[in-house]
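Reading through the structure tokens given below for one structure.
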Amino acid sequence: MDLDTSHITLIFAAIIACIIYQRLKCRSSPKPQKLPPGPPRWPILGNLLQLGPLPHRDLASLCDKYGPLVYLKLGSVDAITTNDPNIIREILLKQDEVFASRPRTLAAVHLAYGCGDVALAPFGPQWKRMRRICMEHLLTTKRLDSFARHRAEEAQHLVRDVWAMAQTGKAVNLRDVLGGFSMNNVTRMLLGKQYFGAGSAGPQEAMEFMHITHELFWLLGLIYLGDYLPIWRWVDPYGCEKKMREVEKRVDDFHTNIIEEHRRRAREEKGKKTTGEEGGEMDFVDVLLSLPGEDGKEHMDDVEIKALIQDMIAAATDTSAVTNEWAMAEVIKHPRVLRKIQEELDSVVGPNRMVHESDLAHLNYLRCVVRETFRMHPAGPFLIPHESLRATWIDGYYIPAKTRVFINTHGLGRNTKIWDNVEEFRPGRHWLADGSRVEISHGADFKILPFSAGKRKCPGAPLGVTLVLMALARLFHCFDWAPPDGLRPQDIDTKEVYGMTMPKGQPLMAIAKPRLPNHMYH
Ligand code: HEM
């Protein structure tokens, strides 16, 4: 069919009208904002399929490909990730106000008393109150000093346990002994109980406690698809949410018992104890039971107390145990580093006494070892996810409100733009030219962030550093270490598994040989 002139004119006019309409529409609707670069995404799933069993490594590869700040769509959730010190400084320091919140994940709702704790609570008055209680009543220098005697006893138990195993000539399971050491330190301080060793609360209770905490960690570390794809929650094919509810109930029963036990004991001992900061023998639960509640209430709500106990157990136990196991693995893998650590210990402490907490500030090479361990094996592969409270811009890129932020500390320590020979364990790289004390918990350069920075930084850092340094100092001072028979140091494997914390895939086994006079171990 031929077109006559009037038809052509009509079509031409229609096309021009369409173009004008589109232009006007564009002008009246808000300009699309420029998101940070990121990989192409699938409809509905977004980038979820790009995350494998080691998501910290996947996200670091994306940063290598797309730049220091990467945007992802995880199902229905906006997310960014970075492994770059400047971007991290922008998020945690310059825009701390914007990024100080946490996403309300299902695990946080079920396993942290409806996000009523500190670590997983969204930014707001309740988080501020709970964090203030931690800082002003639980983790004060004075309170922590009051547990120094317990920590010294636990350090001695650790040495004695390893010494007993060394006598058999068999390899020591360092995951077990280091796990027991941090668990006992935390539970003595928190609950007034020791779960492993001489004064143990009983094998049944210890097993129940270990079992619950392991399930809790596993669920908290899970990237649960129901958080990203609401439809997944309807199906819940692996029964994850059901499991969360089960663990929620068991954890709550456990905490209820702890609180009841403390109340009973307090009634029995009424009058004997002092209260407040003076109470050297008060454990954390005693302290929390003695504090007033909100709005003039005589006591804190039980739910608040439980949420805080839960946080302290989850935040303190695994982090230091995992770090210690990695440090031991790397040192046994590098016998020259072991010799240097022992030379330092021999000159600062000598062979005729045990390491004390007051020595830790003077063990500068050991401090470098811990810093290098945090560079290569941060306790968690990511900081706990942050969330933006409102829309903002980073480096000219638009970041929508409620964006989930994955700060990749594992990727930061292996970022080749800021570290050389990233796969090499070389503590000497942290030694300061003037020989001054090496800081572990902070650094202005944001090149290592074991305890984070800004409003959500770890309030337990001084205690965490002490637990890590003390266990390592004792184990390296008291024993020589070698891989189990048949293995060479370089055979020790350093593969990680992903979780809220990031342990070695296989528990570390090693042969211990006492190196101090015999009477020192008893
Ligand atoms: C080696 C030991 C430890 C390491 C590596 C560590 C590391 C961290 C990290 C990376 C965070 C997240 C910060 C963020 O999201 O920006 C954190 C948060 C936290 N840590 Fe630690 N931690 C350790 C020990 C402890 C101890 C001993 C306690 C308490 C007894 C503790 C209590 C907490 C709490 C309550 C939070 C949540 C803070 C908030 O969200 O406001 N941590 N820790």
| Is it true that some residue in the range 380-400 is crowded, with 20+ Cβ neighbours inside 10 Å and over 20 Å from the mean Cα position of the chain (by Cα)? | yes
| Just checking, which of 314, 327 is within 15 Å of the ligand (Cβ to nearest atom), out of contact with any strand residue (DSSP E or B) (no Cβ under 9 Å at 6 or more places or on another chain), of a type in the set (A, V, I, L, M, F, W, C) and over 28 Å from residue 257 (Cα atoms)? | 327
| query | If we keep just the residues of the range 313-336 that are modelled with pLDDT of 95 or more and acidic (Asp, Glu), which is farthest from residue 493 (Cα to Cα)? | reply | 325
| task | Just give me the residues in the range 364-391 being within 16 Å of the ligand (Cβ to nearest atom) and part of a loop (DSSP other than H, G, I, E, B), in sequence order. | result | 377, 378, 379, 380, 381, 383, 384, 385, 388, 389
| So which residues in the range 188-219 are farther than 25 Å from residue 506 by Cα and either at pLDDT below 90 or not in a helix (DSSP H, G or I) (or both)? | 191, 192, 193, 194, 198, 199, 200, 201, 202, 204, 205
| said: Looking at the range 504-519, can you tell me whether even one residue there is surrounded by 19 or more Cβ atoms within 10 Å (Cβ to Cβ) and within 16 Å of the ligand (Cβ to nearest atom)? | reply: yes
| said: With the condition being of a type in the set (Ser, Thr, Tyr) and buried (at least 22 other Cβ atoms within 10 Å of the Cβ), I'd like the helices (runs of 4 or more DSSP H) fully within the range 282-363 carrying at least 3 qualifying residues. | reply: 302-333
| What tally of residues in the range 131-159 results from selecting those that are within 16 Å of the ligand (Cβ to nearest atom) and either surrounded by fewer than 19 Cβ atoms within 10 Å (Cβ to Cβ) or within 30 Å of residue 293 (Cβ to Cβ) (or both)? | 19
| request: Mind telling me which of the residues 74, 93, 111, 120 ends up being crowded, with 16+ Cβ neighbours inside 10 Å and more than 18 Å from the chain's Cα centre (by Cα)? | output: 74
| query | Looking at this structure, is residue 499 closer than 26 Å to residue 223 by Cα, within 16 Å of the ligand (Cβ to nearest atom) and out of contact with any Pro (no Cβ under 6 Å at 6 or more places or on another chain)? | reply | yes
| Quick one: in the range 47-71, which of the residues that are in contact with a Phe, Trp or Tyr (Cβ under 8 Å, 6 or more places away or on another chain) and in contact (Cβ under 8 Å) with a residue 24 or more places away in the chain is nearest to residue 91 (Cα to Cα)? | 69
| remark: Among (1) touching a residue at least 24 places away in the same chain (Cβ under 8 Å); (2) within 14 Å of the ligand (Cβ to nearest atom); (3) at negative phi; (4) under 21 Å from the mean Cα position of the chain (by Cα), residue 104 falls short only on (1)
| task | Answer yes or no as to whether residue 410 is surrounded by fewer than 20 Cβ atoms within 10 Å (Cβ to Cβ) and either within 16 Å of the ligand (Cβ to nearest atom) or hydrophobic (A, V, I, L, M, F, W, C) (or both). | result | no
| Do any residues in the range 305-320 that are touching a residue at least 24 places away in the same chain (Cβ under 8 Å) have Cβ atoms under 9 Å from those of residues that are of a type in the set (Lys, Arg) and near the ligand (Cβ under 8 Å from one of its atoms), where the two are at least six apart or on different chains, and which pairs are they? | none
| message | Please go through the range 117-155 and give me each residue that is in a helix (DSSP H, G or I) and out of contact with any helix residue (DSSP H, G or I) (no Cβ under 8 Å at 6 or more places or on another chain), ordered by number. | response | 125, 126, 127, 128, 129, 131, 132, 135, 136, 145, 149, 153
| task | Search the range 435-453 for residues that are at negative phi and polar (S, T, N, Q) and pair each with any residue that is part of a loop (DSSP other than H, G, I, E, B) and within 11 Å of the ligand (Cβ to nearest atom) when their beta-carbon atoms are under 6 Å apart and the residues are at least 6 apart or on different chains. | result | 441/451
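The values are calculated or read from the model by the stated rules, or taken from the named source; none is laboratory data. Only a predicted model underlies this, so the values are computations on that prediction, with no experimental measurement involved. No Cβ is skipped: glycine too gets one built from the backbone with ideal geometry, and neighbour counts run over all protein chains shown.
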